[in-house]
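The values are calculated or read from the model by the stated rules, or taken from the named source; none is laboratory data. These numbers come from a predicted model, not from an experiment. A quick note on method: Cβ atoms are made from the backbone with ideal geometry, for glycine too, and the neighbour counts reach across all protein chains shown.
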Amino acid sequence: MKGFLFLGDSGYPLEPNLMVPVGQPANAAEGRYNTSLKKTRVVVEQIIRIWKARFKCVHQKGGTLSYTPLKCGKMAAATFLLHNYCRRRNIPLLDDPEDPDDPNPAPAAAGARLAAGQARRRQMIQEYFS
């Protein structure tokens, strides 16, 4: 399990580095995997809502920023640092962070990527949830 993983909901395609829930869990391990994935995603989504509420420059309708990838990375790094600074000094948010994002449907994964994603998810379920 080297590298990185993204977590997605059922609206995203399963890929080797994008883990999504098992559609119809066939056993207890797959059910535990789905529960763990959901709980983790809730925490991540809450953090992103707070981050977007504090920094309007990263909250764009449609879910994409209109800057180069390099500039987006620099903006993210700078705002993460500033957010942590604000938290350490108990600087409150100015707005309510409960602004839900618009879901963007994603295309289905291509055959080989889907198969690789299924294999990786099976391996994770066997290793961590069985």
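Numbers at a glance
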read-out: Residue match in the range 48-62 (condition: surrounded by fewer than 13 Cβ atoms within 10 Å (Cβ to Cβ) and among the β-branched types (Val, Ile, Thr)); value: no
read-out: Index of the failed condition, Ala26 passing every other in (1) among the small types (Gly, Ala, Ser); (2) closer than 17 Å to Tyr128 by Cβ; (3) touching a helix residue (DSSP H, G or I) at 6+ places or on another chain (Cβ under 9 Å); value: (3)
read-out: Hits in the range 77-114 (condition: assigned to a helix (DSSP H, G or I), surrounded by 14 or more Cβ atoms within 10 Å (Cβ to Cβ) and at pLDDT below 90); value: Arg113, Leu114
read-out: Enumeration of residues in the range 1-30 that are loosely packed, with under 15 Cβ neighbours inside 10 Å and assigned to a helix (DSSP H, G or I); value: Ala28
read-out: Test: Tyr67 is hydroxyl-bearing (Ser, Thr, Tyr) and either under 24 Å from Phe129 (Cβ atoms) or assigned to a helix (DSSP H, G or I) (or both); value: no
read-out: Selection status of Thr35, without any contact (Cβ under 8 Å) to a residue 24 or more places away in the chain, exposed (fewer than 14 other Cβ atoms within 10 Å of the Cβ) and hydroxyl-bearing (Ser, Thr, Tyr); value: yes
